């Protein structure tokens, strides 16, 4: 790779180990053991005045006594000695260091040790791995810079793992031999080098085929997005385990990392925008990385699977349905071919239970069945889903099914056990390394398959096209809104309508006389709402009366609302067409800037939260795709005999709102169009709320 700014840290030509030790199991000893185990090709300088040599390597009393300035220093000393040692590293102009410890002192002063170390390192431009981390394993350049026991790492590997959790790194790196790493990093406190920096470095490594992230939060969202864009350009998939879905988890993530966690929905929006595949736990992360590492570009189509059990075949159907993994509907020619192979009584369907009466030709027949499944034009990838044998043995005959089908079709194939066994069969490891991955657990396989299919579909998305909004109108409304202290619903509706969002317009009133004039202009039936400036959510306070049919009812409703809430109100036409209440909105995330909310509105927005968050700008195709993934999506297709609605009109309006979100990112922090009524003839916003950005 070309010179990267992290090279002195991750690919140093020489390393000093401060606090090196002869004591087996100590950090000062494990560091040197790991460097030797990894085959480090540069100079190693143990530093400890108590030894003349360690593990056959000459030891020096201090950093100033070294024969040459090292590129990197690994600290294996106590926290009480770190600050003075760091001062010495900076004074000697050493460019990088690695710190494992948590930088916590009893009865510490203010600012504390962590803050002092961070400030000094940042001011000096020092590259720091950590602190409070497990170090890193740059396997491809033979730099195992870790202070703790690890396994042997085959050279060079094709998977990069960057984890903000130390255990999140070691729990996969040390425990999953089916994965071969080129780089694994525990980023720790990220005092001067962040997760985003490591990700950028990993994407520059020519061996990197897939990257895994154990992510608590992003300190530098702009850098994260730039890295995601680089991954897209280089067609390198990223799989992320993002913790902090719940308020408590997010709060703990903040406490642990010292950074503000963005909302989980916003992270989902970013992941969706850049094709990042999200998983829920470490098993899913490891499995999905295995599958990406052993799989090349997959074709169009879905999943086929071969079983030797009717019950486990049914389990596959149930799990695939619950996890929304599509199963291939076989072509008639494939069904005919299978019928000629199968024993009587076995249906020629996918998933396929191919095990009948057994016999000497059973294995050959199963291999032929799997080959036929993979040859179907609707098959993108396939799995042989069998249980392991005694002592978790992997039967070689099962692998033969994979080899034959892959040779005939060229499509990715996997051997999947219905559950994790009690031990590890060496054949599971070697077969995976040879491109025929062995996976434990049907659910884990299906999650990985879903990620493979989703990443394929992401790469096939059409380029984003701009809707375009009138710049002159944008300039006018930006100035108009900036002159306001609070935006009324009437003004908000006028603004949105002028910018291309269909809105039902209302007339403001402040007296019974104005009410009568407005009603004459609008006509009955109409809607009356409170317009008191301090009330944002009118329905919550009984400030909306619908379908008012005459002047007497209007006057009665107005007086009742005025007595309770105040005299300011508005009247608008009563929409006559029935339809589905949707929502559109804009909000500003503290990390990622403007976002757009789309989905089902009215009470559904508050009770069911059946919405999606998107990063603007985007096109109508993007909106339609995310709507199809919502739980109530069938309502938009005319479920249970209802009329279909004009979904395309809503998607086009949402795309236009995304352009507005970008254009007014410095002016608006929130826009809420709820509901926006979607009918067979189009859509129209009924209510609008705008919140202005702080002018200070």
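The values are calculated or read from the model by the stated rules, or taken from the named source; none is laboratory data. A quick note: this is a predicted structure, and the numbers were derived from the prediction, not measured. Reconstructed Cβ throughout: ideal geometry from the backbone, glycine too, with neighbour counts over all protein chains shown.
Some values worked out for this structure:
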| quantity | calculated |
| --- | --- |
| Meets criteria (crowded, with 21+ Cβ neighbours inside 10 Å and without any contact (Cβ under 8 Å) to a residue 40 or more places away in the chain) for residue 139 | no |
| Candidates 27, 47, 33, 64 - the one that is assigned by TED's automatic domain parsing to the domain that holds residue 183, more than 21 Å from residue 153 (Cα to Cα) and crowded, with 16+ Cβ neighbours inside 10 Å | 47 |
| Answer from 160, 101, 84 - the residue that is assigned by TED's automatic domain parsing to the domain that holds residue 18 and in a loop (DSSP other than H, G, I, E, B) | 101 |
| Residue satisfying all of: in region 305-322; assigned to a helix (DSSP H, G or I) and over 32 Å from the mean Cα position of the chain (by Cα); nearest to residue 443 (Cα to Cα) among these | 311 |
| Single unsatisfied condition, residue 577 versus (1) assigned to a loop (DSSP other than H, G, I, E, B); (2) within 15 Å of residue 538 (Cβ to Cβ) | (2) |
| Test: residue 490 is part of a helix (DSSP H, G or I) and either in the same structural domain as residue 556 (by TED's automatic domain parsing) or modelled with pLDDT under 90 (or both) | yes |
| Any pair with Cβ under 7 angstrom, 6 or more apart, that starts in region 643-660 at a residue that is surrounded by fewer than 20 Cβ atoms within 10 Å (Cβ to Cβ) and ends at one that is part of a helix (DSSP H, G or I) | 644/637; 648/620; 652/620 |
| Residue in region 114-122 that is within 22 Å of residue 224 (Cβ to Cβ) and out of contact with any strand residue (DSSP E or B) (no Cβ under 6 Å at 6 or more places or on another chain) present | yes |
| Unique residue being modelled with pLDDT of 95 or more and either outside the structural domain of residue 442 (by TED's automatic domain parsing) or touching a strand residue (DSSP E or B) at 6+ places or on another chain (Cβ under 7 Å) (or both) when the list is 407, 379 | 379 |
| Answer residue from region 257-271, given it is surrounded by 17 or more Cβ atoms within 10 Å (Cβ to Cβ) and out of contact with any strand residue (DSSP E or B) (no Cβ under 8 Å at 6 or more places or on another chain) and is modelled with the highest pLDDT among those | 270 |
| Residues being under 20 Å from residue 13 (Cβ atoms) and surrounded by 23 or more Cβ atoms within 10 Å (Cβ to Cβ) - total across region 145-157 | 2 |
| Boolean, residue 523 is out of contact with any helix residue (DSSP H, G or I) (no Cβ under 9 Å at 6 or more places or on another chain) and within 17 Å of residue 686 (Cα to Cα) | yes |
| Positions within region 6-24 being surrounded by fewer than 23 Cβ atoms within 10 Å (Cβ to Cβ) and out of contact with any helix residue (DSSP H, G or I) (no Cβ under 8 Å at 6 or more places or on another chain), in sequence order | 7, 8, 13, 14, 24 |
| Filtered residues of region 607-624 (kept if over 26 Å from residue 667 (Cα atoms) and either crowded, with 20+ Cβ neighbours inside 10 Å or without any contact (Cβ under 8 Å) to a residue 12 or more places away in the chain (or both)) | 607, 609 |
| Enumeration of residues in region 47-80 that are touching a residue at least 40 places away in the same chain (Cβ under 8 Å), over 20 Å from residue 148 (Cβ atoms) and within 41 Å of the chain's Cα centre (by Cα) | 70, 71 |
| Output for region 508-521, where each listed residue is surrounded by fewer than 18 Cβ atoms within 10 Å (Cβ to Cβ) and not in a loop (DSSP other than H, G, I, E, B) | 508, 512, 513, 514, 516, 517, 520, 521 |
| Selected residue (only one of 672, 666 is within 22 Å of residue 488 (Cα to Cα), in a loop (DSSP other than H, G, I, E, B) and not assigned by TED's automatic domain parsing to the domain that holds residue 321) | 666 |
| Any hit, region 278-301, residues being on the phi < 0 side of the Ramachandran plot, part of a strand (DSSP E or B) and in the same structural domain as residue 351 (by TED's automatic domain parsing) | no |
| Helices (runs of 4 or more DSSP H) (entirely within region 390-475) containing at least 3 residues that are under 30 Å from residue 655 (Cβ atoms) | 442-459 |
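Yes/no per residue for (1) within 30 Å of residue 522 (Cβ to Cβ); (2) touching a strand residue (DSSP E or B) at 6+ places or on another chain (Cβ under 7 Å):
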position	(1), (2)
564	yes, no
577	yes, yes
580	yes, yes
588	no, yes
617	no, no
638	no, no
649	yes, yes
662	no, yes
